Amino acid sequence: MNARWFPPTRGAVAVTVTAVLALGTAVWAQGKWVAPPEAKNVKNPVAKSDKVVADAKKTVETNCVPCHGPKGLGDGPAAAALPVKPANWTSAAVQAETDGELFWKITNGRGPMPPWKHLPEKDRWGLVQYIRSLKK
Ligand code: HEC
């Protein structure tokens with residue numbers, strides 16, 4: 001028997017720790033995406049209007065349709081290549097989230113979903129209104 005594996009070398013320990021962290025991160029990335037509790041009750045400060053939704057639709061066409069699809073079903077042309085599927089905005093799961101949670105996710109992104117912090121805040125709230133307009 002090769003006695004060198006007992007006790008394990010520092011290198012072996014480091015490799016094991018790295019492997020466990022990588023696996024943990026991979027499992028975490030597949031898990032449900034939950035916005036922090038403080039985001040939940042933030043109200044949409046932008047008054048609802050058709051104009052806001054129409055403007056947001058233009059932003060969506062430029063920025064979101066490649067992944068989320070023309071109808072927000074999560075079936076854009078880039079979706080197939082992604083390891084995590086883009087959300088279907090019309091789904092009960094997405095519609096069940098509060099405006100504050102959707103705003104937080106649009107702002108921060110996760111994995112292949114880019115953060116949209118660089119868009120003005122009122123435009124991000126407009127995007128939330130647009131997603132709401134798709135409710136079945
Ligand atoms: C490069 C592809 C890509 C683009 C572009 C993109 N998204 Fe996403 N989006 C994703 C993916 C992938 C997820 C799922 C992420 C996850 O679950 O970890 C997602 C999730 C979301 C969610 C979360 C839904 C939920 O309830 O969990 C919202 C909201 C969203 N996107 C809005 C947008 C908006 C608005 C835009 C455009 C401004 C946009 N996305 C652009 C890929 C994209």
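Laboratory data are not the source of any read-out in this text; all were calculated from the coordinates shown. Bear in mind that the values here come from a model prediction, so they are computed numbers and not experimental data. All Cβ positions, even for glycine, are placed from backbone atoms using ideal geometry, and neighbour counts span all protein chains on display.
Odds and ends about this structure:
- In this entry, Ala78 is excluded by the filter for residues that are without any contact (Cβ under 8 Å) to a residue 24 or more places away in the chain and closer than 26 Å to Pro37 by Cβ.
- Residue in the stretch 114-121 that is of a type outside the set (A, V, I, L, M, F, W, C) and buried (at least 16 other Cβ atoms within 10 Å of the Cβ) present: no
- Restricting attention to the stretch 110-125 and to residues that are of a type in the set (D, E, K, R) and out of contact with any Phe, Trp or Tyr (no Cβ under 7 Å at 6 or more places or on another chain), the residue that is nearest to the ligand (Cβ to nearest atom) turns out to be Asp123.
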